[in-house]
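One structure below.
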Amino acid sequence: MAIKVNVDLNGINARFSQGNVVNARRKVLNQMESDMQRFVPYRQGNLMKDVAANIDGTGLRYTQPYAAAQFYGFIANYKRGGMYPIRNYTTVPHPDAGRRWDLRAKGRYMADWSIVGQRAIMKEISR
């Protein structure tokens, strides 16, 4: 005896459309950016202020020219050859500032980001 089952996924596919997924990602990225601010080195605030989310919601970009050196903690010196570590980060307004602020924030806030993501997806589904 054969059983035939038809599954209609049109409603689910509409709810998980690319636009809904991107909107949920953006909400999580906004929360991540907000939580990471306390770990970003701060002298005049330019690095912390010049951050943008990718249009498709896949990541954050720090747009200052020195952002990569601050993020990874090394400065390339091409005349001498080699990489030199950054030893001093400005920590006056941000005492937790340092390199790899994404990992520092992830350690503290990953559970919160997960909740924000779950709520964002549920909100997008309920539309």
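At a glance:
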{"quantity": "Top-ranked residue of the range 35-47 - restricted to ones that are free of Cβ contacts under 8 Å to residues at least 24 places away in the same chain and open to solvent by 60 Å² or more (accessible area, probe 1.4 Å), ranked as nearest to PRO95 (Cα to Cα)", "calculated": "GLN44"}
{"quantity": "Criterion (touching a strand residue (DSSP E or B) at 6+ places or on another chain (Cβ under 8 Å) and surrounded by 11 or more Cβ atoms within 10 Å (Cβ to Cβ)) met by exactly one of TYR84, TYR66", "calculated": "TYR84"}
{"quantity": "Selection status of ASP96, surrounded by 12 or more Cβ atoms within 10 Å (Cβ to Cβ) and of a type outside the set (Val, Ile, Thr)", "calculated": "yes"}
{"quantity": "Scan of the range 28-49 for residues that are touching an Asp or Glu at 6+ places or on another chain (Cβ under 6 Å) and at pLDDT below 90, ordered by number", "calculated": "none"}
{"quantity": "Listing of strands (runs of 3 or more DSSP E) fully contained in the range 42-127 that carry 1 or more residues being closer than 28 Å to VAL22 by Cα and of a type in the set (D, E, K, R)", "calculated": "60-62"}
{"quantity": "Flag for THR58 being open to solvent by 40 Å² or more (accessible area, probe 1.4 Å), over 13 Å from MET32 (Cβ atoms) and within 15 Å of the chain's Cα centre (by Cα)", "calculated": "no"}
{"quantity": "Within the range 69-81, considering residues that are aliphatic (A, V, I, L, M) and surrounded by 14 or more Cβ atoms within 10 Å (Cβ to Cβ), the one nearest to TRP101 (Cα to Cα)", "calculated": "ALA69"}
{"quantity": "Where a residue in the range 48-61 is farther than 17 Å from LEU103 by Cα and its partner, wherever it lies, is assigned to a loop (DSSP other than H, G, I, E, B), with Cβ under 7 Å and at least six apart", "calculated": "ASP50/THR63; ASP50/GLN64; ALA52/THR63"}
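The values are calculated or read from the model by the stated rules, or taken from the named source; none is laboratory data. Small disclaimer: the values here were computed from a predicted structure and weren't measured. When we count neighbours, we look across all protein chains shown, and the Cβ atoms used for this are built from the backbone with ideal geometry, even at glycine. Accessible surface is based on the protein model in full, side chains and every heavy atom, while ligands, DNA and RNA are left aside. Shrake-Rupley method; radii C 1.70, N 1.55, O 1.52, S 1.80 Å.
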